[in-house]
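Remarks on the structure that follows.
The values are calculated or read from the model by the stated rules, or taken from the named source; none is laboratory data. Every value quoted in this text rests on a predicted model; they were computed, and no experiment measured them. Cβ: placed from backbone, ideal geometry, glycine included. Neighbour counts: every protein chain shown. Just so you know, the surface numbers come from the protein's heavy atoms only, side chains and all, with ligands and any DNA or RNA stripped out. Shrake-Rupley method; radii C 1.70, N 1.55, O 1.52, S 1.80 Å.
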Amino acid sequence: MINSPQIPNLLMNQPASDIHIKEAESQLNRGLPHAYKTLLEHTNGFSIGGELLLYGTEDMVKRNATWETNHYAKGYVAIGDNGGG
């Protein structure tokens with residue numbers, strides 16, 4: 001899925017378990033797309049040189065709660081950021 005030797009400065013987390021994914025979906029009150037769940041099963045979030053961050057399940061839930069995504073962007077879920085705010 002991710003050819004990690006080809007990506008400089010890639011830091012990958014351990015894979016997410018089905019339990020972590022289901023907990024995140026429950027806390028977000030929505031299902032995650034199949035492709036994203038498949039990615040989480042390979043790495044529960046990753047960073048590329050601090051410039052690109054894809055959240056793991058725990059950070060995704062925290063960020064969406066902090067940013068009130070359900071209120072300000074109903075129907076969407078924030079899954080990462082570019083490290084620049």
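Does region 58-68 include one or more residues that are at pLDDT 95 or above, exposed (fewer than 11 other Cβ atoms within 10 Å of the Cβ) and not polar (S, T, N, Q)?
yes
Go through the residues of region 5-12 one by one and say whether even a single one is in a helix (DSSP H, G or I) and either open to solvent by 60 Å² or more (accessible area, probe 1.4 Å) or among the basic types (Lys, Arg) (or both). Write out each step before concluding.
Residues of region 5-12 in a helix (DSSP H, G or I): 5-6.
Now narrow it down to the ones that are either open to solvent by 60 Å² or more (accessible area, probe 1.4 Å) or among the basic types (Lys, Arg) (or both): 5-6.
Yes, there is a match, as at least one residue in region 5-12 is in a helix (DSSP H, G or I) and either open to solvent by 60 Å² or more (accessible area, probe 1.4 Å) or among the basic types (Lys, Arg) (or both).
Evaluate region 58-66: report whether one residue or more is of a type in the set (A, V, I, L, M, F, W, C) and touching a Ser or Thr at 6+ places or on another chain (Cβ under 9 Å). Before you say what the answer is, go through the steps one by one.
So in region 58-66, the residues of a type in the set (A, V, I, L, M, F, W, C) come out as 60-61, 65.
Checking which are touching a Ser or Thr at 6+ places or on another chain (Cβ under 9 Å) leaves us with none.
Checked region 58-66: no residue is of a type in the set (A, V, I, L, M, F, W, C) and touching a Ser or Thr at 6+ places or on another chain (Cβ under 9 Å).
Could you tell me which numbered condition Thr43 fails, if it satisfies all but one of (1) open to solvent by less than 30 Å² (accessible area, probe 1.4 Å); (2) within 14 Å of Val77 (Cα to Cα); (3) of a type outside the set (Gly, Ala, Ser)?
(2)
How do the helices (runs of 4 or more DSSP H) wholly within region 26-75 filter down when requiring 1 or more residues that are closer than 14 Å to Pro15 by Cβ: which remain? Write out each step before concluding.
Values: elements: 34-42, 57-66, 69-72.
Qualifying helices (runs of 4 or more DSSP H): 34-42, 57-66.
Which is modelled with pLDDT of 95 or more and either open to solvent by less than 100 Å² (accessible area, probe 1.4 Å) or touching a Gly at 6+ places or on another chain (Cβ under 6 Å) (or both), of Ala35, Ala24? Don't jump to the end; show me each part of the working.
Working: Ala35 fails: modelled with pLDDT of 95 or more.
None of the other options fit; the residue is Ala24.
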